[in-house]
Amino acid sequence: IRSYGEYNLTDALDCMIRRGAKFKSFKVKNWYDCGKKETLLESNTTLLKKFGGEIDKNIHSENSIIIPPVSIGTGCHLKNAIVGPHVSVGPNTTLEYSVVRDSIIGSYTNLFEVVIDNSLIGSDASIKGLLTKSSNLFEALNLRYFGPIDGHNITKLVDTLTDLKNIPGPKILH
């Protein structure tokens, strides 16, 4: 249904009413306005917090961290990625060597070596970033990285954890 070359919700609703659809009104606590990037991302965050998101059981995740709440569609592939919080990822999307937070990523999208925050990425997109030898994904998030540490060597692990507690700021131990 198009009016003046555009698709309008009101035209679709009018068509539904003419075909016999019945509508009921009810009070809502929040209005999820999705007409602008900022409000769409805010609505995504609100809904993920309220309903907790969902991670499809048919995703492949290798050496990746998922920080809830997130929604990740079927067939997604995560490799060396950090996803979340407040991220929705469409089906069949690949995230490799990337960090994504507070964003919506479409279906059939490929992200490689990118850090994305507060972003909308459409379906069927491919984005490849550049990482220099002096930077990494953890530094981009203001996280200090330590490791890898042999988790089977308890003495070394305890010593490392003791040292890390005296270092200010967020840290990742691998």
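The values are calculated or read from the model by the stated rules, or taken from the named source; none is laboratory data. On a predicted model such as this, the values are computed, not experimentally measured, just so you know. Methodologically, a virtual Cβ is constructed for each residue, glycine included, from the backbone with ideal geometry; neighbour enumeration extends over all protein chains shown. Just the protein is used for accessible areas: all its heavy atoms, side chains included, with ligands, DNA and RNA removed. Shrake-Rupley method; radii C 1.70, N 1.55, O 1.52, S 1.80 Å.
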Out of Leu47, Leu161, Leu143, a Gaussian network model of the chain with alpha-carbon springs under 10 Å gives the largest mean-square fluctuation to Leu161
Of all chymotrypsin sites (Phe, Trp or Tyr not before Pro) in the stretch 1-97, the ones in DSSP coil with at most 12 other Cβ atoms within 10 Å are Tyr4, Tyr7, Phe23, Phe26, Trp31, Tyr32
Simple SL model, points at 7 angstrom along Cα→Cβ for Phe51 and Val28; separation in nm is 1.3
Mean Cβ-within-10 Å packing, highest first, puts peptides 58-69, 11-22 in the order 58-69, 11-22
Quick calc, Lys79 & Thr39: beta-carbon distance into FRET formula, R0 25 Å, rounding 0.05, result 0.20
Between the modelled labels at Tyr108 and Leu13 (7 Å from Cα along Cα→Cβ) the distance in nm is 3.2
Filtered hits (aspartates and glutamates, Cα-Cα < 12 Å from Lys37, offset >= 8 within chain) -> Asp102
Sorting Thr74, Thr94 on solvent-accessible surface, 1.4 Å probe, most exposed first, gives Thr74, Thr94
Other residues with Cβ under 10 Å from the Cβ of Ile116 give, with Lys and Arg +1 and Asp and Glu -1, a net charge of -1
Probe 1.4 Å, all chains present, heavy atoms only: Val114 accessible area in Å², nearest 10, is 10
Reviewing [x] 15.0; [y] 14.3; [z] 12.4, the figure for mean projected area of the Cα convex hull in nm² actually calculated from this model sits under [x]
Of every hundred units of 1.4 Å-probe accessible area on the chain, the number belonging to carbon and sulfur atoms, as a percent, is 55
